[in-house]
Amino acid sequence: MARVELASGGHIASHIPVRFEDASPIQIHVQQDNNILFNHQEVTLTELMALLRRAKSAYPDARAQLFHHKQAYFGTYQAVKNALEAAEFKEVDIVLSPS
């Protein structure tokens, strides 16, 4: 697995506030050590896939929120993204955690 460092956004859009008006009932956090949390509960990738399918059924119109630590592997992001696609999520909010 390779680690990809993304360039910092700098101060280009720092004056634009980023807010989530409504917290999604479907939140995925990829931590710095590549552990995956689904709604604040640590899960394996296999468990995540099953949970996402159930969440899609329970909240068909919800948009998942993916919080990905900038030092976590890109491969972990890709695996989570693939799980979201397999569960038929059409849209996802992606937030890169700076630290």
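Overview of results
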| read-out | value |
| --- | --- |
| Breaking point among (1) at pLDDT 95 or above; (2) open to solvent by 50 Å² or more (accessible area, probe 1.4 Å), for Asp22 | (1) |
| Residues of the range 43-76 that turn out to be in contact with a strand residue (DSSP E or B) (Cβ under 7 Å, 6 or more places away or on another chain) and farther than 10 Å from Ile28 by Cβ, as a count | 6 |
| Whichever residue in the range 42-78 is touching a Leu at 6+ places or on another chain (Cβ under 9 Å) and part of a strand (DSSP E or B) and, among such residues, is modelled with the highest pLDDT | Val43 |
| The lone exception for Met1 - which of (1) open to solvent by 100 Å² or more (accessible area, probe 1.4 Å); (2) at pLDDT 90 or above it fails | (2) |
| Condition check for Lys81: part of a helix (DSSP H, G or I), without any contact (Cβ under 8 Å) to a residue 24 or more places away in the chain and surrounded by 14 or more Cβ atoms within 10 Å (Cβ to Cβ) | yes |
| Search result, residues across the range 31-41 that are under 16 Å from Phe74 (Cβ atoms) and outside any strand (DSSP E or B) | Gln31, Gln32, Asp33, Asn34, Asn35 |
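The values are calculated or read from the model by the stated rules, or taken from the named source; none is laboratory data. Quantities reported herein were computed from a predicted structural model and do not represent experimental measurements. Glycine also receives a Cβ, built like all others from the backbone with ideal geometry; neighbour counts cover every protein chain displayed. Only protein heavy atoms, including side chains, enter the accessible area calculation; ligands, DNA and RNA are left aside. Shrake-Rupley method; radii C 1.70, N 1.55, O 1.52, S 1.80 Å.
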